[in-house]
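To keep things clear, I will list the structure first and then write my remarks on it.
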Amino acid sequence: MSEATVAVPPPRASALSRFGRWWANPWGRPRFLLLFTLVYLAWSIVPILIAIRFSFNEGRSRSTAQGWSTRWWWGDPDLSVFHDPDLHIALFQSLKLAGLAIAITVPLGVALAIGLTRWRGRTATGARFVSMVPLVTPEIVMGTALLLTFVSVFTFIDLGTMAQAIGHVTFSISFVLIIVRGRLLSIGPEYEEAARDLGATPVQALRMALLPMLWPAIIASAIIVFAISMDDFVVSAFLSSGSTTDTVPVKIYSNARGSPTPALNALASLTLFVTVAIAGIAFGIWKLVSLRGGGKGSAMDELARIEG
(Lines give C-alpha, C1' and ligand atoms only; values in the text may rest on other atoms or scores of the structure.)
Protein backbone atom coordinates (compact mmCIF):
# COMPACT_ATOMS: atom_id res chain seq x y z
CA MET A 1 0.00 0.00 0.00
CA SER A 2 1.51 3.35 -1.10
CA GLU A 3 1.82 6.25 1.26
CA ALA A 4 -0.85 8.95 0.98
CA THR A 5 0.27 11.89 -1.01
CA VAL A 6 0.56 14.96 1.12
CA ALA A 7 -0.82 18.10 -0.61
CA VAL A 8 1.70 20.89 -0.61
CA PRO A 9 0.07 24.32 -0.33
CA PRO A 10 1.03 26.74 -3.09
CA PRO A 11 3.57 29.36 -2.13
CA ARG A 12 2.05 32.57 -0.83
CA ALA A 13 2.46 35.60 -3.03
CA SER A 14 4.65 38.33 -1.72
CA ALA A 15 3.18 41.55 -0.43
CA LEU A 16 4.58 43.42 -3.41
CA SER A 17 2.89 41.11 -5.92
CA ARG A 18 -0.42 41.27 -4.04
CA PHE A 19 -0.22 45.07 -4.06
CA GLY A 20 0.53 45.00 -7.79
CA ARG A 21 -2.54 42.86 -8.52
CA TRP A 22 -4.69 45.06 -6.28
CA TRP A 23 -3.47 48.20 -8.03
CA ALA A 24 -3.89 46.79 -11.55
CA ASN A 25 -7.33 45.29 -10.98
CA PRO A 26 -9.52 46.94 -13.67
CA TRP A 27 -12.74 46.01 -11.85
CA GLY A 28 -11.87 47.60 -8.53
CA ARG A 29 -12.42 51.14 -7.40
CA PRO A 30 -10.22 53.81 -9.04
CA ARG A 31 -7.08 53.75 -6.94
CA PHE A 32 -5.35 56.84 -8.27
CA LEU A 33 -8.48 59.00 -8.04
CA LEU A 34 -9.02 58.03 -4.41
CA LEU A 35 -5.40 58.78 -3.55
CA PHE A 36 -5.49 62.09 -5.42
CA THR A 37 -8.71 63.09 -3.64
CA LEU A 38 -7.28 62.30 -0.20
CA VAL A 39 -4.09 64.26 -0.95
CA TYR A 40 -6.12 67.23 -2.18
CA LEU A 41 -8.36 67.19 0.90
CA ALA A 42 -5.36 67.02 3.20
CA TRP A 43 -3.63 69.85 1.31
CA SER A 44 -6.77 72.00 1.61
CA ILE A 45 -7.88 71.22 5.15
CA VAL A 46 -4.62 70.88 7.10
CA PRO A 47 -3.64 74.60 6.77
CA ILE A 48 -7.12 75.58 7.94
CA LEU A 49 -6.83 73.28 10.95
CA ILE A 50 -3.42 74.78 11.76
CA ALA A 51 -4.88 78.31 11.65
CA ILE A 52 -7.73 77.22 13.94
CA ARG A 53 -5.25 75.57 16.30
CA PHE A 54 -3.26 78.79 16.75
CA SER A 55 -6.45 80.72 17.49
CA PHE A 56 -6.48 78.77 20.76
CA ASN A 57 -2.82 79.50 21.50
CA GLU A 58 -2.07 80.68 25.01
CA GLY A 59 0.73 83.04 23.95
CA ARG A 60 0.96 85.71 21.26
CA SER A 61 2.83 83.54 18.77
CA ARG A 62 1.07 82.51 15.57
CA SER A 63 3.73 79.99 14.58
CA THR A 64 4.80 78.28 17.82
CA ALA A 65 2.42 76.21 19.92
CA GLN A 66 2.20 77.66 23.44
CA GLY A 67 -0.52 75.65 25.08
CA TRP A 68 -4.30 75.90 24.79
CA SER A 69 -6.44 78.85 25.80
CA THR A 70 -9.56 80.81 24.80
CA ARG A 71 -7.68 84.04 25.45
CA TRP A 72 -7.96 85.29 21.88
CA TRP A 73 -11.63 84.36 21.60
CA TRP A 74 -13.02 85.97 24.77
CA GLY A 75 -10.43 85.68 27.53
CA ASP A 76 -8.40 88.84 26.84
CA PRO A 77 -10.40 91.93 27.90
CA ASP A 78 -8.94 94.12 25.13
CA LEU A 79 -7.51 92.05 22.25
CA SER A 80 -9.87 89.08 21.97
CA VAL A 81 -12.42 88.81 19.18
CA PHE A 82 -15.37 89.27 21.56
CA HIS A 83 -13.89 92.42 23.14
CA ASP A 84 -12.14 94.22 20.26
CA PRO A 85 -14.58 96.71 18.66
CA ASP A 86 -12.54 96.92 15.45
CA LEU A 87 -12.92 93.19 14.88
CA HIS A 88 -16.64 93.45 15.65
CA ILE A 89 -17.02 96.15 12.99
CA ALA A 90 -15.15 94.07 10.40
CA LEU A 91 -17.24 90.96 11.04
CA PHE A 92 -20.51 92.92 10.98
CA GLN A 93 -19.47 94.65 7.75
CA SER A 94 -18.70 91.31 6.08
CA LEU A 95 -22.02 89.82 7.16
CA LYS A 96 -23.92 92.93 6.05
CA LEU A 97 -22.31 92.91 2.60
CA ALA A 98 -22.93 89.17 2.24
CA GLY A 99 -26.59 89.62 3.16
CA LEU A 100 -27.01 92.49 0.71
CA ALA A 101 -25.25 90.50 -2.00
CA ILE A 102 -27.61 87.54 -1.55
CA ALA A 103 -30.74 89.72 -1.39
CA ILE A 104 -29.84 91.58 -4.60
CA THR A 105 -27.76 89.14 -6.63
CA VAL A 106 -29.88 85.99 -6.40
CA PRO A 107 -33.17 87.50 -7.71
CA LEU A 108 -31.33 89.43 -10.43
CA GLY A 109 -29.30 86.37 -11.38
CA VAL A 110 -32.35 84.12 -11.57
CA ALA A 111 -34.24 86.64 -13.72
CA LEU A 112 -31.18 87.12 -15.94
CA ALA A 113 -30.71 83.36 -16.32
CA ILE A 114 -34.36 82.84 -17.31
CA GLY A 115 -34.24 85.72 -19.78
CA LEU A 116 -30.97 84.66 -21.42
CA THR A 117 -32.08 81.02 -21.61
CA ARG A 118 -35.43 81.78 -23.21
CA TRP A 119 -33.98 84.46 -25.52
CA ARG A 120 -33.03 83.27 -28.99
CA GLY A 121 -31.04 84.88 -31.80
CA ARG A 122 -27.60 86.32 -32.49
CA THR A 123 -28.14 89.19 -30.08
CA ALA A 124 -28.89 86.69 -27.32
CA THR A 125 -25.59 84.92 -27.99
CA GLY A 126 -23.72 88.19 -27.62
CA ALA A 127 -25.62 89.03 -24.44
CA ARG A 128 -24.75 85.65 -22.94
CA PHE A 129 -21.10 86.23 -23.80
CA VAL A 130 -21.08 89.69 -22.20
CA SER A 131 -22.73 88.32 -19.05
CA MET A 132 -19.74 86.04 -18.54
CA VAL A 133 -17.19 88.88 -18.68
CA PRO A 134 -17.16 89.51 -14.87
CA LEU A 135 -16.39 85.84 -14.34
CA VAL A 136 -13.17 85.90 -16.39
CA THR A 137 -12.07 89.43 -15.50
CA PRO A 138 -9.16 89.52 -13.00
CA GLU A 139 -10.42 90.80 -9.68
CA ILE A 140 -7.76 93.49 -9.49
CA VAL A 141 -9.03 94.86 -12.81
CA MET A 142 -12.61 94.67 -11.56
CA GLY A 143 -11.75 96.52 -8.35
CA THR A 144 -9.82 99.25 -10.17
CA ALA A 145 -12.58 99.71 -12.75
CA LEU A 146 -15.27 99.98 -10.07
CA LEU A 147 -13.20 102.47 -8.08
CA LEU A 148 -12.69 104.71 -11.14
CA THR A 149 -16.39 104.40 -11.98
CA PHE A 150 -17.55 105.58 -8.56
CA VAL A 151 -14.91 108.30 -8.31
CA SER A 152 -15.20 109.71 -11.83
CA VAL A 153 -18.65 108.79 -13.20
CA PHE A 154 -21.19 107.93 -10.51
CA THR A 155 -19.91 110.49 -8.04
CA PHE A 156 -23.25 110.54 -6.20
CA ILE A 157 -22.40 107.07 -4.83
CA ASP A 158 -19.91 107.43 -2.00
CA LEU A 159 -17.27 104.85 -1.27
CA GLY A 160 -18.22 102.55 1.54
CA THR A 161 -21.01 100.08 2.12
CA MET A 162 -23.12 101.06 -0.89
CA ALA A 163 -20.21 100.97 -3.33
CA GLN A 164 -18.95 97.69 -1.84
CA ALA A 165 -22.40 96.10 -2.12
CA ILE A 166 -22.67 97.12 -5.78
CA GLY A 167 -19.20 95.71 -6.40
CA HIS A 168 -20.07 92.39 -4.77
CA VAL A 169 -23.25 92.14 -6.83
CA THR A 170 -21.33 92.94 -10.02
CA PHE A 171 -18.74 90.17 -9.76
CA SER A 172 -20.97 87.51 -8.16
CA ILE A 173 -23.99 87.69 -10.45
CA SER A 174 -22.17 85.59 -13.07
CA PHE A 175 -21.97 82.67 -10.64
CA VAL A 176 -25.73 82.77 -10.07
CA LEU A 177 -26.26 82.97 -13.82
CA ILE A 178 -24.12 79.89 -14.50
CA ILE A 179 -25.72 77.75 -11.77
CA VAL A 180 -29.33 78.67 -12.51
CA ARG A 181 -28.92 78.57 -16.28
CA GLY A 182 -27.39 75.10 -16.08
CA ARG A 183 -30.45 73.95 -14.14
CA LEU A 184 -32.77 75.62 -16.66
CA LEU A 185 -31.08 73.90 -19.59
CA SER A 186 -31.49 70.52 -17.88
CA ILE A 187 -35.18 71.19 -17.16
CA GLY A 188 -36.11 72.45 -20.61
CA PRO A 189 -39.20 74.48 -21.59
CA GLU A 190 -41.63 71.55 -21.55
CA TYR A 191 -42.94 72.11 -18.02
CA GLU A 192 -43.78 75.74 -18.68
CA GLU A 193 -45.48 74.78 -21.92
CA ALA A 194 -47.49 72.11 -20.13
CA ALA A 195 -48.54 74.64 -17.49
CA ARG A 196 -49.65 77.05 -20.19
CA ASP A 197 -51.65 74.25 -21.84
CA LEU A 198 -53.44 73.75 -18.51
CA GLY A 199 -54.51 77.38 -18.57
CA ALA A 200 -51.81 79.02 -16.49
CA THR A 201 -50.68 82.55 -17.16
CA PRO A 202 -46.98 83.16 -17.81
CA VAL A 203 -46.55 84.29 -14.20
CA GLN A 204 -48.36 81.20 -12.86
CA ALA A 205 -46.29 78.93 -15.06
CA LEU A 206 -43.13 80.55 -13.75
CA ARG A 207 -44.22 80.47 -10.10
CA MET A 208 -45.86 77.03 -9.96
CA ALA A 209 -44.01 74.99 -12.57
CA LEU A 210 -40.52 76.44 -13.01
CA LEU A 211 -39.47 77.99 -9.71
CA PRO A 212 -40.10 74.83 -7.60
CA MET A 213 -37.67 72.96 -9.83
CA LEU A 214 -35.14 75.81 -9.62
CA TRP A 215 -34.95 75.78 -5.81
CA PRO A 216 -31.82 73.57 -5.64
CA ALA A 217 -29.98 75.92 -8.01
CA ILE A 218 -31.26 79.00 -6.18
CA ILE A 219 -30.13 77.69 -2.79
CA ALA A 220 -26.76 76.64 -4.20
CA SER A 221 -26.21 80.02 -5.84
CA ALA A 222 -27.12 81.82 -2.59
CA ILE A 223 -24.52 79.76 -0.71
CA ILE A 224 -21.89 80.53 -3.36
CA VAL A 225 -22.67 84.25 -3.30
CA PHE A 226 -22.44 84.31 0.51
CA ALA A 227 -19.10 82.50 0.52
CA ILE A 228 -17.63 84.68 -2.25
CA SER A 229 -18.76 87.89 -0.55
CA MET A 230 -17.37 86.86 2.83
CA ASP A 231 -14.07 85.91 1.21
CA ASP A 232 -13.65 88.92 -1.09
CA PHE A 233 -10.64 91.14 -0.48
CA VAL A 234 -9.78 93.15 -3.60
CA VAL A 235 -13.13 94.79 -4.35
CA SER A 236 -13.85 95.39 -0.66
CA ALA A 237 -10.44 97.01 -0.16
CA PHE A 238 -10.68 99.24 -3.24
CA LEU A 239 -14.19 100.47 -2.40
CA SER A 240 -13.69 100.86 1.35
CA SER A 241 -14.04 104.33 2.83
CA GLY A 242 -11.95 103.65 5.90
CA SER A 243 -11.62 101.39 8.89
CA THR A 244 -15.36 101.52 9.57
CA THR A 245 -16.10 99.72 6.27
CA ASP A 246 -13.20 97.25 6.30
CA THR A 247 -14.29 93.63 5.97
CA VAL A 248 -12.74 90.64 7.69
CA PRO A 249 -10.22 89.87 4.88
CA VAL A 250 -9.19 93.54 4.69
CA LYS A 251 -8.84 93.76 8.48
CA ILE A 252 -6.75 90.58 8.61
CA TYR A 253 -4.48 91.87 5.85
CA SER A 254 -4.02 95.30 7.39
CA ASN A 255 -3.33 93.94 10.89
CA ALA A 256 -1.05 91.16 9.64
CA ARG A 257 1.49 93.74 8.47
CA GLY A 258 1.91 95.08 11.99
CA SER A 259 2.19 93.00 15.14
CA PRO A 260 -0.57 90.43 14.69
CA THR A 261 -1.95 88.31 17.49
CA PRO A 262 -3.81 84.99 17.36
CA ALA A 263 -6.99 87.07 17.57
CA LEU A 264 -6.76 87.30 13.77
CA ASN A 265 -6.78 83.50 13.63
CA ALA A 266 -9.80 83.51 15.90
CA LEU A 267 -11.55 86.05 13.67
CA ALA A 268 -10.79 84.00 10.56
CA SER A 269 -11.97 80.82 12.32
CA LEU A 270 -15.19 82.53 13.41
CA THR A 271 -15.80 83.66 9.82
CA LEU A 272 -15.26 80.09 8.63
CA PHE A 273 -17.67 78.70 11.22
CA VAL A 274 -20.33 81.28 10.29
CA THR A 275 -19.97 80.48 6.59
CA VAL A 276 -20.25 76.74 7.17
CA ALA A 277 -23.22 77.26 9.49
CA ILE A 278 -25.04 79.43 6.94
CA ALA A 279 -24.38 76.84 4.22
CA GLY A 280 -25.69 74.08 6.48
CA ILE A 281 -28.83 76.05 7.33
CA ALA A 282 -29.48 76.77 3.64
CA PHE A 283 -29.02 73.09 2.81
CA GLY A 284 -31.42 72.13 5.60
CA ILE A 285 -34.03 74.59 4.31
CA TRP A 286 -33.70 73.13 0.83
CA LYS A 287 -34.13 69.58 2.15
CA LEU A 288 -37.17 70.66 4.16
CA VAL A 289 -38.73 72.33 1.13
CA SER A 290 -37.99 69.25 -0.97
CA LEU A 291 -39.59 66.90 1.56
CA ARG A 292 -42.68 69.08 1.93
CA GLY A 293 -43.01 69.42 -1.82
CA GLY A 294 -42.72 65.65 -2.27
CA GLY A 295 -45.44 65.04 0.28
CA LYS A 296 -47.93 67.34 -1.41
CA GLY A 297 -47.43 66.30 -4.99
CA SER A 298 -45.87 68.12 -7.87
CA ALA A 299 -46.51 71.71 -8.82
CA MET A 300 -48.12 70.52 -12.05
CA ASP A 301 -50.65 68.45 -10.10
CA GLU A 302 -51.45 71.44 -7.91
CA LEU A 303 -51.90 73.66 -10.96
CA ALA A 304 -54.19 71.07 -12.57
CA ARG A 305 -56.34 70.94 -9.41
CA ILE A 306 -56.60 74.72 -9.28
CA GLU A 307 -57.56 75.06 -12.91
CA GLY A 308 -59.94 72.10 -12.73
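The values are calculated or read from the model by the stated rules, or taken from the named source; none is laboratory data. This is a predicted model, so every value here is computed, not measured. All Cβ positions, even for glycine, are placed from backbone atoms using ideal geometry, and neighbour counts span all protein chains on display. For the accessible areas, the whole protein counts, side chains as well, though only heavy atoms, and no ligand, DNA or RNA atoms are used. Shrake-Rupley method; radii C 1.70, N 1.55, O 1.52, S 1.80 Å.
Quick rundown of the values:
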read-out	value
Segment 199-250: equivalent-ellipsoid semi-axes (sqrt of 5 x gyration tensor eigenvalues, Cα, Å)	38, 12, 6
Sum of side-chain charges, residue 61 neighbourhood, beta-carbon under 14 Å (Lys, Arg +1; Asp, Glu -1)	+3
Orientation-averaged projected area, Cα convex hull of segment 154-244 (nm²)	7.8 nm²
Fraction of alpha-carbon pairs over 30 Å apart in the chain - percent	54 percent
Mean separation of Cα contacts under 8 Å (6+ apart) over length of the chain, as relative contact order %	25 percent
Length added when fully stretched, residue 108-residue 53, from 0.36 nm per residue minus Cα-Cα	15.8 nm
For residue 233, net neighbour charge (Lys/Arg +1, Asp/Glu -1) across residues whose Cβ lies under 11 Å away	-3
Estimated FRET transfer efficiency when R0 is 25 angstrom, pair residue 283-residue 37 (beta carbons, to 0.05)	0.70
Cα-based Rg and Dmax for segment 23-87, where Dmax is the largest Cα-Cα distance (Å)	19.7, 61
Once exposed loop trypsin sites (Lys or Arg not before Pro) are cut out (DSSP; at most 11 other Cβ, 10 Å), longest piece of the chain	121-256
Long-range amide H partners of residue 232 with built H, under 5 Å	none
Under DSSP loop assignment and at most 10 Cβ neighbours within 10 Å, longest chymotrypsin sites (Phe, Trp or Tyr not before Pro)-free interval of the chain	157-308
Full-extension gain in nm, residue 276 to residue 125, via 0.36 nm per residue minus C-alpha separation	50.7 nm
Label point distance in nm, residue 45-residue 244, each placed 7 Å from Cα along Cα→Cβ	4.3 nm
Rough spin-label spacing in nm, given labels placed 7 Å along Cα→Cβ, for residue 140 and residue 22	4.8 nm
Accessible-area composition of the chain, carbon plus sulfur, in percent [1.4 Å probe]	69 percent
3J(HN,Hα) from dihedral phi, segment 126-131, Karplus parametrisation 6.51/-1.76/1.60, rounded to Hz, x for glycine, proline	x, 5, 5, 5, 5, 5
Volume per residue of the C-alpha convex hull in segment 212-290, rounded to whole Å³	94 Å³
Karplus (6.51, -1.76, 1.60) ³J(HN,Hα), θ = phi - 60°, over segment 217-230, in Hz, Gly and Pro reported as x	5, 5, 4, 4, 5, 5, 5, 5, 4, 4, 5, 5, 5, 5
Placed amide H near residue 57: partners under 5 Å, 5+ positions off or other chain	69
Helical mean residue ellipticity (222 nm; -39500 (n - 2.57) per DSSP H run of 4+; nearest 500) of the chain	-22500 deg cm²/dmol
